[in-house]
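*Asks:* Below is one structure. I have some questions about it.
The values are calculated or read from the model by the stated rules, or taken from the named source; none is laboratory data. Fair warning: this is a prediction, and the values are worked out from it, not measured in the lab. Because the Cβ atoms are built from the backbone with ideal geometry, glycine has one as well, and the counts that use them run over all protein chains shown.
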Amino acid sequence: MTQTTLAKQPEPAPEPSPAGAPAPAAQAPGAGGGRSDRMRALDGLRILAALMVCLFHYAGKGQVGHAWGASPKNLFPDLSAFATYGALGVQLFFVISGFVICMSSWGRSLGDFFRSRVTRLYPAYWVAIVLVTAACVAAPSVIPPLRLDEVLVNLTMLQQPMGVDRVLGVCWTLWVEARFYLLFALFVVWKGVTYRRVVIFCCLWTVASVFARVADNPLTDELVMRDHAPFFIGGLALYLIHRYGSDLLLWSIVGTSWLLGQRYSTTALWNPEATNVYLERSPYVILLIVTFAFASVAAVALGWLRWANWRWLTFAGALTYPFYLIHEHLGWFVIALYHRKFGLDARLTLIATIVSLLTVAWLIHRLVEVPVGPRMRRVMKLQAQRIRMP
């Protein structure tokens, strides 16, 4: 799930139209990376995806029962049936990520792209690691703390390939995002982002993901991300539609990505033969939500959501990444505190926990992301200039 900022970037001079590509449409508000009303709608989709995943972790996942002291299926019989589909918020995040990364990398050098990703992701991530580890030490009955060596490896964001347990339950998606950034940087950003390079990248990655499924090899799966690739690819193509206008080739990429993505999501989240599922999901609802993920970002790309121009969406979008990092495990501690220790009603506990975690996310954003990220970026830029890196 990228949780990228949509800070305004200077618009580069229009590139010549690549062969076979449509000429760039008249510059719409926000095209090419500037924030506009339609970008506020994208922020709204980001916070929606985060809240979907949050509901899944609080009311739709069986493991949270140890925090509530009872099964959330019994505490929230109606809500749990809906919340179990919240896991699909990750797919929405990945489509948004493809769109935003293509937008924010346009006109940037490889060094700028690398610095923007590092300084955007790591400061809040490190704070989340410290907060959740401290909570585990303070209340090990909810979640036992990891060993110090495991916590230290988690600071690198490379714990999964190292075979180390995760401090943050949701950080598996960051490993997926990091591999997407690496692929996009090596095959597109390195030479400069253009229509042609993005289209070729999308087509080759789609073919590689299909071949990886045929090979069924763990290494190729890790490199190609056969199950997650369609969502990023769909987002990349949708940004090109946003920038250049509708095009049959681009819509074909989006349509193929949707077809492959819905297949992965259905097989991953629906198993009619499973006897130990927490709550049974419908394959038709899964298909509907995956379709919504693509369609909603397509609506942003086409400018259909320009009316969603509320300033609070920008604020909500800024909270998405820190909230996403801390909401699961830290939220379980807050649930245990409010519901089991203070005896607060389950529904009030659910609301109070979300509000509390959004407040913590705001503090992380204001006290860490806003001052630290730009300062890190400036320092890294100066050091790169000293050794003549791009």
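*Asks:* Checking residue 181 against (1) farther than 24 Å from residue 209 by Cα; (2) among the hydroxyl-bearing types (Ser, Thr, Tyr); (3) crowded, with 19+ Cβ neighbours inside 10 Å, which single condition isn't satisfied?
*Replies:* Failed condition: (1).
*Asks:* Right, here's the next one. Which residue is surrounded by the most Cβ atoms within 10 Å (Cβ to Cβ), if the candidates are limited to region 184-196 and must be free of Cβ contacts under 8 Å to residues at least 40 places away in the same chain and within 23 Å of the chain's Cα centre (by Cα)?
*Replies:* Checking each candidate, the answer is 187.
*Asks:* Here is a check on your reading of the model: is residue 323 aromatic (Phe, Trp, Tyr), farther than 27 Å from residue 66 by Cα and either touching a residue at least 40 places away in the same chain (Cβ under 8 Å) or out of contact with any Pro (no Cβ under 7 Å at 6 or more places or on another chain) (or both)? Don't jump to the end; show me each part of the working.
*Replies:* On the way: aromatic (Phe, Trp, Tyr): yes; farther than 27 Å from residue 66 by Cα: no; either touching a residue at least 40 places away in the same chain (Cβ under 8 Å) or out of contact with any Pro (no Cβ under 7 Å at 6 or more places or on another chain) (or both): yes.
So residue 323 does not fit the description; no.
*Asks:* Which of the following residues is under 19 Å from the mean Cα position of the chain (by Cα) and more than 18 Å from residue 170 (Cβ to Cβ): 387, 286, 354, 364?
*Replies:* Numbers: 387 fails: under 19 Å from the mean Cα position of the chain (by Cα); 354 fails: more than 18 Å from residue 170 (Cβ to Cβ); 364 fails: more than 18 Å from residue 170 (Cβ to Cβ).
After ruling out the rest, the residue left standing is 286.
*Asks:* Continuing with the same structure: Would region 105-123 turn up any residue that is surrounded by 24 or more Cβ atoms within 10 Å (Cβ to Cβ) and within 25 Å of residue 376 (Cα to Cα)? So that I can check it myself, show each step before the final result.
*Replies:* From region 105-123, those surrounded by 24 or more Cβ atoms within 10 Å (Cβ to Cβ) are 105; that's our starting set.
Subset that is within 25 Å of residue 376 (Cα to Cα): 105.
Scanning region 105-123, I find at least one residue that is surrounded by 24 or more Cβ atoms within 10 Å (Cβ to Cβ) and within 25 Å of residue 376 (Cα to Cα), so the answer is yes.
*Asks:* Does residue 241 meet the test of being crowded, with 18+ Cβ neighbours inside 10 Å, hydrophobic (A, V, I, L, M, F, W, C), in a helix (DSSP H, G or I) and within 18 Å of the chain's Cα centre (by Cα)?
*Replies:* Answer is no for this residue.
*Asks:* Report, by residue number, each residue of region 197-222 that is touching a Lys or Arg at 6+ places or on another chain (Cβ under 7 Å), touching a residue at least 12 places away in the same chain (Cβ under 8 Å) and not small (Gly, Ala, Ser). Show your work before the answer.
*Replies:* Here is the first cut: in region 197-222, the ones touching a Lys or Arg at 6+ places or on another chain (Cβ under 7 Å) are 197, 209, 212-213.
Those still in the list that are touching a residue at least 12 places away in the same chain (Cβ under 8 Å) too: 209, 212-213.
Once the filter is applied, which keeps residues that are touching a Lys or Arg at 6+ places or on another chain (Cβ under 7 Å), touching a residue at least 12 places away in the same chain (Cβ under 8 Å) and not small (Gly, Ala, Ser), region 197-222 yields only 213.
*Asks:* Follow-up. Is it true that some residue in region 99-120 is touching a Gly at 6+ places or on another chain (Cβ under 6 Å), over 30 Å from residue 387 (Cβ atoms) and in contact (Cβ under 8 Å) with a residue 40 or more places away in the chain?
*Replies:* Checked against the condition, which is being touching a Gly at 6+ places or on another chain (Cβ under 6 Å), over 30 Å from residue 387 (Cβ atoms) and in contact (Cβ under 8 Å) with a residue 40 or more places away in the chain, region 99-120 yields at least one hit.
*Asks:* Related question: Of 292, 315, 323, which residue is under 24 Å from the mean Cα position of the chain (by Cα) and buried (at least 21 other Cβ atoms within 10 Å of the Cβ)? Can you show your working first?
*Replies:* Values: 292 fails: buried (at least 21 other Cβ atoms within 10 Å of the Cβ); 315 fails: buried (at least 21 other Cβ atoms within 10 Å of the Cβ).
Sole residue among the options that is under 24 Å from the mean Cα position of the chain (by Cα) and buried (at least 21 other Cβ atoms within 10 Å of the Cβ): 323.
*Asks:* Picking from 92, 51, which residue would you name as being of a type outside the set (Ser, Thr, Tyr), within 19 Å of the chain's Cα centre (by Cα), crowded, with 23+ Cβ neighbours inside 10 Å and modelled with pLDDT of 95 or more? Before the answer, list the steps.
*Replies:* Working: 51 fails: crowded, with 23+ Cβ neighbours inside 10 Å.
The conditions single out 92.
*Asks:* Please work out which residue is surrounded by the fewest Cβ atoms within 10 Å (Cβ to Cβ), limiting yourself to region 295-312 and to residues that are assigned to a helix (DSSP H, G or I) and modelled with pLDDT of 95 or more. Let's see the steps before the verdict.
*Replies:* Filtering region 295-312 for residues assigned to a helix (DSSP H, G or I) gives 295-301, 311-312.
If we keep only those that are modelled with pLDDT of 95 or more as well, we get 295-301.
On the way: 295: 13, 296: 21, 297: 28, 298: 21, 299: 17, 300: 24, 301: 24.
For region 295-312, the residue satisfying everything is 295.
*Asks:* Additional query: For region 58-89, how many residues meet the condition of being under 21 Å from the mean Cα position of the chain (by Cα) and not hydrophobic (A, V, I, L, M, F, W, C)?
*Replies:* Of the residues in region 58-89, 7 are under 21 Å from the mean Cα position of the chain (by Cα) and not hydrophobic (A, V, I, L, M, F, W, C).
*Asks:* Within the group 168, 158, 131, which residue is without any contact (Cβ under 8 Å) to a residue 60 or more places away in the chain, out of contact with any Ser or Thr (no Cβ under 7 Å at 6 or more places or on another chain) and surrounded by 12 or more Cβ atoms within 10 Å (Cβ to Cβ)?
*Replies:* 158
*Asks:* Residue by residue through region 179-195, note down the ones that are more than 15 Å from residue 237 (Cβ to Cβ) and not in a helix (DSSP H, G or I).
*Replies:* Listed by number, the list holds a single entry, 192.
*Asks:* While we're on this one: Show the residue pairs that are 6+ apart or on different chains and have beta-carbon atoms under 7 Å apart, the first residue being within region 335-351 and surrounded by fewer than 18 Cβ atoms within 10 Å (Cβ to Cβ), the second being not hydrophobic (A, V, I, L, M, F, W, C).
*Replies:* From residues that are surrounded by fewer than 18 Cβ atoms within 10 Å (Cβ to Cβ), the pairs are 340/69; 344/338.
*Asks:* Based on this model, can you work out whether residue 279 counts as touching a Gly at 6+ places or on another chain (Cβ under 8 Å), touching a residue at least 24 places away in the same chain (Cβ under 8 Å) and either farther than 24 Å from residue 103 by Cβ or outside any helix (DSSP H, G or I) (or both)? Give the steps one after another, and end with the answer.
*Replies:* Numbers: touching a Gly at 6+ places or on another chain (Cβ under 8 Å): yes; touching a residue at least 24 places away in the same chain (Cβ under 8 Å): yes; either farther than 24 Å from residue 103 by Cβ or outside any helix (DSSP H, G or I) (or both): yes.
For residue 279, the condition - touching a Gly at 6+ places or on another chain (Cβ under 8 Å), touching a residue at least 24 places away in the same chain (Cβ under 8 Å) and either farther than 24 Å from residue 103 by Cβ or outside any helix (DSSP H, G or I) (or both) - is met.
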